[in-house]
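Below: the structure, in structure tokens.
The values are calculated or read from the model by the stated rules, or taken from the named source; none is laboratory data. Quick caveat, the model's predicted, so the values are computed rather than measured. Virtual Cβ from ideal backbone geometry, glycine too; neighbours counted across all protein chains shown. We work out accessible area using only protein heavy atoms, side chains counted, and drop any ligands, DNA or RNA first. Shrake-Rupley method; radii C 1.70, N 1.55, O 1.52, S 1.80 Å.
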Amino acid sequence: AKSLTQALDLQGVDWAKPWLLMSLGDCRRQTGEFTEALACYNKVLALPDAANDAKAVANLNTGLTQQYNLKDGKAAREAYAKAVAINPALQAEVTGHLAKLPATDPVK
């Protein structure tokens, strides 16, 4: 995490910031710092020059963090939907994760 944070502070690496932030978010998630991980993924989403594939992965990783770490199925579903809207090729992976979520309350 320290090295990734230092890399983000370097001059001339704007092109790499989305993936550096993504890696830092993954690092934070693996060390149990879930709020910090989500903050990193949100920073990727806020970068105006971030490529769509980076934004799709940031949404996917947000969904994974919400589902498996924070146990928030609604937030996970929302993040997954955004990921697939940006990159439909993620549908199969998202479907696999959604299958592990409890069913939502039926519409009455």
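Okay, here's what the table says:
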read-out: Residues located in the stretch 38-55, provided they are surrounded by 15 or more Cβ atoms within 10 Å (Cβ to Cβ) and not in a helix (DSSP H, G or I); value: L47, A50
read-out: Cross-chain or 6+ apart pairs with Cβ under 8 Å, the stretch 8-23 first and at negative phi, then exposed (fewer than 11 other Cβ atoms within 10 Å of the Cβ); value: D14/D49
read-out: Qualifying positions in the stretch 13-33 - under 9 Å from K43 (Cβ atoms) and open to solvent by 40 Å² or more (accessible area, probe 1.4 Å); value: K17
read-out: Boolean, K55 is of a type outside the set (S, T, N, Q) and on the phi > 0 side of the Ramachandran plot; value: no
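This table checks each residue for (1) crowded, with 21+ Cβ neighbours inside 10 Å; (2) free of Cβ contacts under 8 Å to residues at least 12 places away in the same chain.
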| site | (1), (2) |
| --- | --- |
| V57 | yes, no |
| L70 | no, no |
| G73 | no, no |
| Y80 | yes, no |
| A83 | yes, no |
| A99 | no, yes |
